[in-house]
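The values are calculated or read from the model by the stated rules, or taken from the named source; none is laboratory data. Quantities reported herein were computed from a predicted structural model and do not represent experimental measurements. Here the Cβ positions follow ideal geometry from the backbone for every residue, glycine too, while neighbour counts run over all protein chains shown. These accessible areas exclude ligands, DNA and RNA; they are computed on the full protein's heavy atoms, side chains included. Shrake-Rupley method; radii C 1.70, N 1.55, O 1.52, S 1.80 Å.
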Amino acid sequence: MGEVEGYLSSLSCVRTSIRQSGLSASRIAELVCHYLDGAIPKTGRLSGGIEYDIHEAGCRFILLEGHVVEVDMVGGADAFDAWRILLYSSSALHPSDRGIRDIRVECDSLVRAGRLIALGQGWYVDREGT
């Protein structure tokens, strides 16, 4: 599995964990809103043991196997860019030697295939994140 598909799979796991945590939320943007409303702390643990840390622009998740899934909010969507995918890849047991340009090419290919939506300026969102 490539870096982008691995990231998307882990992002889906994060969203599943959010839904299973009883927060009446299914997207990361909704989780951040719960924090802003004072309903949850800035850092914590979701269902399944996924750790989260909400920051100014979005949220960082650490999965049980150590993968880091970083997501920012862009126009209310759960967005990511090539840098966040490389961060995910570098947190894996076998990090890739691919660069940002390679990741952008793969993301653009997934946009053409209808798997991702380009938000402009190198930001992407999958269908679940809109």
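Looking across the range 29-71, the residues that are among the hydrophobic types (A, V, I, L, M, F, W, C), part of a strand (DSSP E or B) and within 14 Å of Tyr88 (Cα to Cα) come down to Cys59, Phe61, Ile62, Val68, Val69, Val71. Report yes if some residue within the range 79-89 is closer than 21 Å to Leu110 by Cα and at pLDDT below 90; otherwise report no. Yes.
Considering each residue of the range 93-105 in turn, none proves to be exposed (fewer than 13 other Cβ atoms within 10 Å of the Cβ) and under 13 Å from Arg15 (Cα atoms). For beta carbons closer than 8 Å, sequence separation of 6+ or different chains, a first residue in the range 38-62 that is of a type in the set (D, E, K, R) and a second that is part of a helix (DSSP H, G or I) and open to solvent by 20 Å² or more (accessible area, probe 1.4 Å), the qualifying pairs are Lys42/Tyr35. Taking the range 1-56 only, how many residues are open to solvent by 40 Å² or more (accessible area, probe 1.4 Å), under 12 Å from the mean Cα position of the chain (by Cα) and among the hydrophobic types (A, V, I, L, M, F, W, C)? Looking only at that region, the number is 1. Residues that are over 14 Å from Ala82 (Cβ atoms) and in contact with a helix residue (DSSP H, G or I) (Cβ under 8 Å, 6 or more places away or on another chain) within the range 97-129 comprise Arg115, Ile117, Asp126, Glu128, Gly129, listed in sequence order.
To keep it simple, each residue is scored yes or no on (1) farther than 13 Å from Glu5 by Cα; (2) of a type in the set (Ser, Thr, Tyr); (3) touching a residue at least 24 places away in the same chain (Cβ under 8 Å).
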{"residue": "Val68", "(1), (2), (3)": "yes, no, no"}
{"residue": "Met73", "(1), (2), (3)": "yes, no, yes"}
{"residue": "Asp78", "(1), (2), (3)": "yes, no, yes"}
{"residue": "Leu87", "(1), (2), (3)": "yes, no, no"}
{"residue": "Ala92", "(1), (2), (3)": "yes, no, yes"}
{"residue": "Gly99", "(1), (2), (3)": "yes, no, no"}
{"residue": "Arg112", "(1), (2), (3)": "yes, no, no"}
{"residue": "Ala118", "(1), (2), (3)": "yes, no, no"}
{"residue": "Val125", "(1), (2), (3)": "no, no, yes"}
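When you scan the range 71-125, how many residues do you find that are within 23 Å of Ala25 (Cα to Cα), among the small types (Gly, Ala, Ser) and within 14 Å of the chain's Cα centre (by Cα)? Adding up the residues that qualify gives 3.
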